[in-house]
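Down below is the structure, laid out as structure tokens.
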Amino acid sequence: MKKMFLAAFMAAQALTSFAQSQDFKPYEEKMNKIYAEFATLDKEYAALRQKDPKAITPADEKLFENIMAKSDSLSELHTALTLEIVKNFKNTKFPAKYVADAYSGFTYDQLKEVLDPTSGYYKEESLKAAKEHLASLELRRPGLMYTDLVMKDMNDKEIKLSQYAGKGNYVFVDFWASWCGPCRAEMPNVVEAYNKYHAKGLEIVGVSFDQKKDAWTAMVKKLGMEWPQMSDLKGWQCAAGKIYGIRSIPSNILLDPQGKIVASDLRGEDLQQKLAEIYK
């Protein structure tokens, strides 16, 4: 009797697994389509990067902007589809491979929810980097007070974040580098924000992950970044990386007038909308 029950249970499990695999298929097809589009963009981006920087034309710059815009749009689709997969298949291992690919596009709250220890995929080895990323986001999550940064400005004078933070104005701390293509693509949006809201009290402080001073200062001028800049010229060993858990750029934190973090990693329309709420 016991053996018969066990056999029936195993058969039911097999049917369930088959049904789930059938349910997975539409999502796999959608994801594969997104990955194919990403691969096309990667090829276009790689071709641009092979060009001599001195030979870059306005048309190349426009193409680069289009690639970045398409990439951002695809990333949003990727994130949304991954969250849908997590919601529908939380008790299985199926979401793990997609969470492992998409985690960098999640907000802190989304990643915290997705990396639920009770889920069926939480213990998958492929999620190690996602868990490390969550730990880095913990260092700049909303609600924390800022930690001071002390570096040199473009004139080799010491500059501190505390000269601006906690002084009664909102402060947008922008982590970037001259060699970072996505940073350069996002900078017109930051410039627009500065021009629109600086007179109303917004301060921006740029923190560069550069190693070469000439490249850093030249790009500041080229991109029209009129706000204070600082760097220790240590590249990825920049002090800000460890203090704020910066593992990729562009990245940023927005501080309230008291110096408390109210948002992080605001880009594109998200930045404009947040500032519009503040300065309405």
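The values are calculated or read from the model by the stated rules, or taken from the named source; none is laboratory data. Note that the coordinates shown come from a computational prediction; the quantities given were computed from them, not determined experimentally. Using ideal geometry, Cβ is built from the backbone for each residue, glycine included, and neighbour counts are taken over all protein chains shown. SASA here: full protein model, heavy atoms, side chains in, ligands and nucleic acids out. Shrake-Rupley method; radii C 1.70, N 1.55, O 1.52, S 1.80 Å.
Scanning the stretch 52-68 for residues that are in contact (Cβ under 8 Å) with a residue 60 or more places away in the chain and open to solvent by less than 60 Å² (accessible area, probe 1.4 Å) gives PHE64, MET68. Yes or no: the stretch 219-230 includes at least one residue that is β-branched (Val, Ile, Thr), modelled with pLDDT of 95 or more and either within 18 Å of LEU139 (Cβ to Cβ) or exposed (fewer than 14 other Cβ atoms within 10 Å of the Cβ) (or both). Within the stretch 219-230, none of the residues are β-branched (Val, Ile, Thr), modelled with pLDDT of 95 or more and either within 18 Å of LEU139 (Cβ to Cβ) or exposed (fewer than 14 other Cβ atoms within 10 Å of the Cβ) (or both).
Can you find even one residue in the stretch 167-177 that is surrounded by 15 or more Cβ atoms within 10 Å (Cβ to Cβ), in a helix (DSSP H, G or I) and of a type outside the set (A, V, I, L, M, F, W, C)? No: the stretch 167-177 contains no residue that is surrounded by 15 or more Cβ atoms within 10 Å (Cβ to Cβ), in a helix (DSSP H, G or I) and of a type outside the set (A, V, I, L, M, F, W, C).
In this structure, does GLY241 turn out to be modelled with pLDDT of 95 or more, buried (at least 16 other Cβ atoms within 10 Å of the Cβ) and under 17 Å from ALA135 (Cα atoms)? The answer is yes for GLY241.
The selection criterion, being surrounded by fewer than 11 Cβ atoms within 10 Å (Cβ to Cβ), aliphatic (A, V, I, L, M), more than 23 Å from GLN110 (Cα to Cα) and under 22 Å from the mean Cα position of the chain (by Cα), holds for ALA46. Residues that are out of contact with any Ser or Thr (no Cβ under 7 Å at 6 or more places or on another chain) and either assigned to a helix (DSSP H, G or I) or open to solvent by 40 Å² or more (accessible area, probe 1.4 Å) (or both) within the stretch 204-217 comprise GLN211, LYS212, LYS213, ASP214, THR217, listed in sequence order. Scanning the stretch 90-118 for residues that are among the hydroxyl-bearing types (Ser, Thr, Tyr) and touching a helix residue (DSSP H, G or I) at 6+ places or on another chain (Cβ under 8 Å) turns up THR92, TYR98, TYR103, SER104, TYR108.
Look at ILE246 and say whether it is of a type in the set (A, V, I, L, M), crowded, with 20+ Cβ neighbours inside 10 Å, in a loop (DSSP other than H, G, I, E, B) and touching a Ser or Thr at 6+ places or on another chain (Cβ under 8 Å). Yes. Within the stretch 146-165, being part of a loop (DSSP other than H, G, I, E, B) and either of a type in the set (Lys, Arg) or in contact (Cβ under 8 Å) with a residue 60 or more places away in the chain (or both) holds for TYR146, THR147, LEU149, ASP153, MET154, LYS157, TYR164, ALA165.
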